[in-house]
1. Which is in a helix (DSSP H, G or I), under 23 Å from G89 (Cα atoms) and either of a type outside the set (V, I, T) or at pLDDT below 95 (or both), of D205, D147, D194?
2. Pull up the range 160-182, narrow it to residues that are farther than 20 Å from I74 by Cβ and in contact (Cβ under 8 Å) with a residue 60 or more places away in the chain, then point me to the one that is most open to solvent (accessible area, probe 1.4 Å).
3. Just to be sure, is E138 assigned to a loop (DSSP other than H, G, I, E, B) and surrounded by 12 or more Cβ atoms within 10 Å (Cβ to Cβ)?
4. Can you name the residue in the range 63-77 that is open to solvent by 10 Å² or more (accessible area, probe 1.4 Å) and under 15 Å from the mean Cα position of the chain (by Cα) and, of all such residues, is farthest from Q172 (Cα to Cα)?
5. Look through G130, G100, G89 and report the one residue that is within 14 Å of the chain's Cα centre (by Cα), open to solvent by less than 50 Å² (accessible area, probe 1.4 Å) and modelled with pLDDT under 95.
6. Could you give me the residue pairs with C-beta distances under 6 Å whose first residue belongs to the range 126-153 and is more than 23 Å from M207 (Cα to Cα), whose second residue is of a type in the set (S, T, Y) and not in a loop (DSSP other than H, G, I, E, B) wherever it lies, and which are 6+ apart or on separate chains?
7. As an exercise: evaluate Q112 against (1) assigned to a strand (DSSP E or B); (2) in contact with a helix residue (DSSP H, G or I) (Cβ under 8 Å, 6 or more places away or on another chain); (3) surrounded by fewer than 16 Cβ atoms within 10 Å (Cβ to Cβ) and give the number of the one condition it does not meet.
8. Out of contact with any His (no Cβ under 9 Å at 6 or more places or on another chain) and assigned to a loop (DSSP other than H, G, I, E, B), is that true of G183?
Amino acid sequence: MKKLLLLGLTLAMAFTMVACGGGDDKPSAEDAAKKAVEQAEEFESFSVEAVEHYLKSAVNMELTSVAPDWEYTIGEKSAYADDPSSGYGHTVVLFSKKDGEVTSDEYQAWLQKVFDATAKASQDGYNIVGWEFVAEGEDPFKETTLDKAMDGFLQGWCFRVNDKSMTVYVSQAYDNDKESEIGEMFYYYGVKVDIGVGLQKSFDDTMEDMEEALEENEDEIKDAIEDYAE
C-alpha cells in the first residue's frame, strides 16, 4: 500500500507543478511534496470521510448528491487531496444496492442525478465535453448532454470549477459469478462514480509538460520521496 502511495505522491508532485504552470509562483518540488503528503495524511484516504471531504472542498458537493436514490451500502471508496487548485485531486465511490439487481431504469435515473449535480456545481451552470472526451476538431469547452456523454466506449463528461476542468467517469459494477434474473447481460449490483481534476489541455501537451517537470525536478522529487519513505 505504501508503494502505491509513494507512486501517487510522485505523480501528484508532477501534476501539481504542471497545474500551477510557470512563473515566480510555481512551487518547488519540495513544496509540492510537502503539500501532497499533508493532504494524503489528513484523512484516511480509503474512507467515506475522505470522499465527503474531497467532494465538499474541491467541488462544493455533498456525497448524497451523487448517491443513488435506492437503498445502498458503500463499497470501494477513496480520495486523494482536497484542493481544487492541485493537479491530482481525485475521488472514487461505489454504491452497492442492498437488495437485488440494479435495473436499467435505476441506472439511468442515477446517471441523470449525477449529471445534474455536477452541472449545478459547475461555474458555467452546465457540463462540458472536456479534453478527455473531445473529438478531433471539437470544442472541449462546449456544453454536452447526458446522451452524448454516454455514447461511445469511454463514457463520462467534465465540468469547470474555479476555471479548473473536473472529469466525471461513471460505470456499473457487476458480479461475474451471478446471472441476471431480469434479463440483463450481467448481474449489476452497484454503480460507481469517479470525480477528479481532469486534463487542462490536450493529452499530448499534458504529458510533455509532465515529462519536463519530472526532468527539471528529478533530484528534489527523489529526495522528497526518500524522506517520506523513511
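1. Step by step, each of D205, D147, D194 is checked, and only D205 is in a helix (DSSP H, G or I), under 23 Å from G89 (Cα atoms) and either of a type outside the set (V, I, T) or at pLDDT below 95 (or both).
2. E181
3. Answer is no for this residue.
4. Among those that are open to solvent by 10 Å² or more (accessible area, probe 1.4 Å) and under 15 Å from the mean Cα position of the chain (by Cα), it is L63.
5. Working: G130 fails: modelled with pLDDT under 95; G100 fails: within 14 Å of the chain's Cα centre (by Cα).
Of G130, G100, G89, the one residue that is within 14 Å of the chain's Cα centre (by Cα), open to solvent by less than 50 Å² (accessible area, probe 1.4 Å) and modelled with pLDDT under 95 is G89.
6. So the pair list comes out as N127/T118.
7. (1) is the only condition that Q112 fails.
8. yes
The values are calculated or read from the model by the stated rules, or taken from the named source; none is laboratory data. The shown structure was predicted, so the numbers you read here are calculated from the model rather than taken from an experiment. No Cβ is skipped: glycine too gets one built from the backbone with ideal geometry, and neighbour counts run over all protein chains shown. Please note that ligands, DNA and RNA were not included when accessible areas were found on the heavy atoms of the full protein model with its side chains. Shrake-Rupley method; radii C 1.70, N 1.55, O 1.52, S 1.80 Å.
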